[in-house]
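Participant: Okay, here's the structure, questions in a sec.
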Amino acid sequence: MSKSVSTSTDKIIVDRSKKHRNKAVFDTVKTTRERLQQGAGGNEAYEREMLTMHIAEALQGAMIMPLFIVLASIIGVYITRDISLIIWSLIALSFHAMSLVLAKRAAKQEITDDNLRHWKNLLLGMQILVGCAWAMFALAEPVRNDPTLVLFFKGATLLIALSLTAMTSFMLRRAIFMTFLPVLAALCMTSALSRNPFDVGLALMFGMAILFCHRITSRLYQTSIKLLSSQTEKDDLIAELEVANSVSDEARRRAEEANLAKSRFLASMSHELRTPLNAILGFSEVMSSEVLGPLNNPLYKEYSGDIHRSGQHLLDLINEILDLSRIEAGRYDLNEESISMLEIAEDCIGMIQLRARAKNIRISQQFESSLPQVWADEKSIRQVILNLLSNAVKFTPQGGEILVKAGWTAGGGQYVSIRDNGPGIPEEEIPVVLSAFGQGSIAIKSAEQGTGLGLPIVQAILAKHDGQFILKSKLREGTEGIAILPAKRVLQSLPAVEDTHAIQPRRRSFA
């Protein structure tokens, strides 16, 4: 089966079939992505960040709990007529103020791995003091004789306090247990002494609420850990990508400098090489033609012919390198005009016919009639067809055949196809042949191996015309090169405008 390869301008510079060569950057980015997908390696790595966030959250919501304590004491005095609740509120506010002072001190200092456990123990100890204040509230015996209302007020207050603490302290592990285990112990002691079903129910309900809040805070804590882990891994990935981007920018800058140096070298060496080559070609042609008289030794005539052919080969190589350099640098300007693909193809066949007859190669043609002209650069299109014909003649054996076809494409464009019955190209070598200075194994073994720049120049010129070059080949079955110009470059002739009656001018009437 033949393999079709569509090319573009950058194919000359970079072979897209090759694998990624920057292995170090690729492996680093891959490792970072795997760490990002696996998540955090352990919760201990983020204890310091979680403690810092807990301190900031405690200072930010510092007025929530004091307001609730004052509101609870006012409602309690109104319901129970017990003045001792005011004393309890002052104690609870004092303990809460002490916890805020401790949090403010911790916020002013830097939390490190060395003092992490110290500050964590201090904050948990302060939570125990706050829990003792709430235990005092649970042990308070109101004066009012309505036990149901008092029990409802006490349970509701403790549940609200539990909820507020769970929302503000979930980033500090075991804060719920440290704060409300004294309260649960006080409720259990009260229910054991009184043996009142309502007290027992309150203790059981509050114990279940503690377990529920602990479950919720644990889930919130794990979610925060995962968010921190994802943020850290994302920062690592961004850092690695920035490093890779900087390396890529530096490599691109060096490549641009090298390309500029190459262009300057070729521009300066073009004149230095062509001047002596013209002299070599001219004098060798004069000697081989014996213009100034016969040569005494026939070997001299043969040597001068070899010199002329070698100089011509070197001049062609220099011209191809300069053409490819101009195309890569974007300095290859097209002199576009209306041309006929059929006429150019016939001229190129006539120019290559002499070389084909020397190898007894027959060139046949199949051209569609009445192809319209196209808008393209005549010199460039002529170079494309000549390069393809030269390759076909070069690799076609003695007595072979070359078929040249021209016609319409399915999309409305025009194409020129050149097919030979030579040895062909292995399918895996087609990308190599299409790259700059690339040669297949058949060309290397052949006696007429070229520079490897013909096909890259062909595909680059067609890309400048918004066209396409397709190379189809199969080993021992020949090769076909197809040059395609798009439909937008085909000049369609417009039909003649039919004669119509002139429109009579409208008469204006004035009142």
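The values are calculated or read from the model by the stated rules, or taken from the named source; none is laboratory data. This one's a predicted model, so the numbers in the text were calculated from it and none came from an experiment. Every residue, glycine among them, receives a Cβ derived from its backbone with ideal geometry; neighbour counts consider all protein chains shown. In case anyone asks, the SASA skips ligands and DNA or RNA and just uses the protein heavy atoms, side chains included. Shrake-Rupley method; radii C 1.70, N 1.55, O 1.52, S 1.80 Å.
Participant: Counting only heavy atoms of protein chains, what accessible area per residue, in Å², does the range 346-411 have with a probe of 1.4 Å?
Facilitator: 50 Å²
Participant: Around residue 413, which amide H atoms from residues at least 5 apart in sequence, or from another chain, sit under 5 Å from its own amide H, with H modelled in the peptide plane?
Facilitator: Counting only residues 5 or more places away or on other chains, the set is 487.
Participant: I've got another one for you. Among 379/464; 108/226; 379/474; 464/488, which pairs are too far apart, with a Cα-Cα distance over 25 Å?
Facilitator: Too far apart for the 25 Å limit: 108/226; 379/474.
Participant: In percent, what relative contact order does the range 67-218 have, based on Cα pairs under 8 Å that are 6 or more apart in sequence?
Facilitator: Here the relative contact order equals 25 percent.
Participant: Also, I was wondering about something else. What are the ³J(HN,Hα) couplings of the range 413-425, residue after residue, when phi is run through the Karplus curve with 6.51, -1.76, 1.60 and θ = phi - 60°? Round to Hz, x for glycine and proline.
Facilitator: Result, ordered by residue: x, 10, 9, 10, 10, 10, 10, 10, 10, x, x, x, 10 Hz.
Participant: Tell me, what HN-Hα J-couplings in whole Hz come from the Karplus equation 6.51 cos²θ - 1.76 cosθ + 1.60 at θ = phi - 60° for each residue of the range 346-360, using x for Gly and Pro?
Facilitator: Karplus-based 3J(HN,Hα) across the range 346-360 equals 5, 5, 5, 5, x, 6, 9, 5, 5, 5, 5, 5, 5, 9, 6 Hz.
Participant: I'd like the Karplus ³J(HN,Hα) series for the range 308-318: coefficients 6.51, -1.76, 1.60, θ = phi - 60°, whole numbers in Hz, and an x wherever there's a Gly or Pro.
Facilitator: Using θ = phi - 60°, the values come out as 5, 5, 5, x, 5, 5, 5, 5, 4, 5, 5 Hz.
Participant: Mind listing the long-range amide H neighbours of residue 361? Cut-off is under 5 Å, sequence gap 5 or more, other chains count too, H placed in the peptide plane at 1.01 Å from N.
Facilitator: 399
Participant: Please give the peptides 358-370, 409-421, 116-128 ranked by average Cβ packing (other Cβ atoms within 10 Å per residue), highest first, as a rough proxy for protection.
Facilitator: Ranking the peptides 358-370, 409-421, 116-128 by packing returns 409-421, 116-128, 358-370.
Participant: Here is a further query. Which whole-number percent is the relative contact order of the range 309-430 (Cα, under 8 Å, 6+ apart)?
Facilitator: Across the range 309-430, relative contact order equals 25 percent.
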